[in-house]
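Nothing in this text is a laboratory measurement; each read-out follows from the coordinates by a stated rule. These numbers were taken from a predicted model, which means no experiment stands behind them. Cβ: placed from backbone, ideal geometry, glycine included. Neighbour counts: every protein chain shown.
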Amino acid sequence: MSTLVNPESKIGPLLDAHPELEQVLIGLSPEFRRLQNPLLRRTVARVATVGQVARIGGLPVSGLVKALRAALGEAQTEGNLATEEAAESEPAWAAAARPAVRVDADAVLARGGTPVGEVMSLLTRQLPGDVVALSVTFYPAPLVEAVRAKGYDAFARKTGNGWEVLIREP
């Protein structure tokens, strides 16, 4: 009996076990073409969950779970689907933010670096309240969760070209 795909399933191991899901994902959102990048596949995809990937692709979590389950021939049990996270409202600190440092995550990835590592390094050199701004063409759910887990404030907003993530030590 196979384990049901759920919002907490890690996308990398899921794609390793079922490579055919890559085309299913790409068919659902052009954002998922990035999963063809070997570096992204080895890094972000290892820690990103199906729920996070849904947000990256601009899809409802339940819709992505259902599509992946259907592609794998899994049962569609509504009771196992997590409800989609409510939209986050912009906090006052983010609305007034004047970033001390800006990071282009796509440039970091292109040179073989990791945005999480670079952002964490920059954050340790900032004063409390200083804001680090990260620009990226996809929603970096694992990075947002990693900085929040370390006690930083993080707010992500959609921009014309992708996403801007504002991070600060409270």
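Before moving on, here are some points about what is shown:
- Residue check, residue 44 among the β-branched types (Val, Ile, Thr), closer than 13 Å to residue 67 by Cβ and crowded, with 16+ Cβ neighbours inside 10 Å: no
- Taking the listed residues 156, 133, the one that is under 21 Å from residue 8 (Cα atoms), in contact with a Leu (Cβ under 9 Å, 6 or more places away or on another chain) and in a strand (DSSP E or B) is 156, with no other qualifying.
- Residue satisfying condition, being free of Cβ contacts under 8 Å to residues at least 12 places away in the same chain, buried (at least 16 other Cβ atoms within 10 Å of the Cβ) and not in a loop (DSSP other than H, G, I, E, B), within set 108, 116, 147: 108
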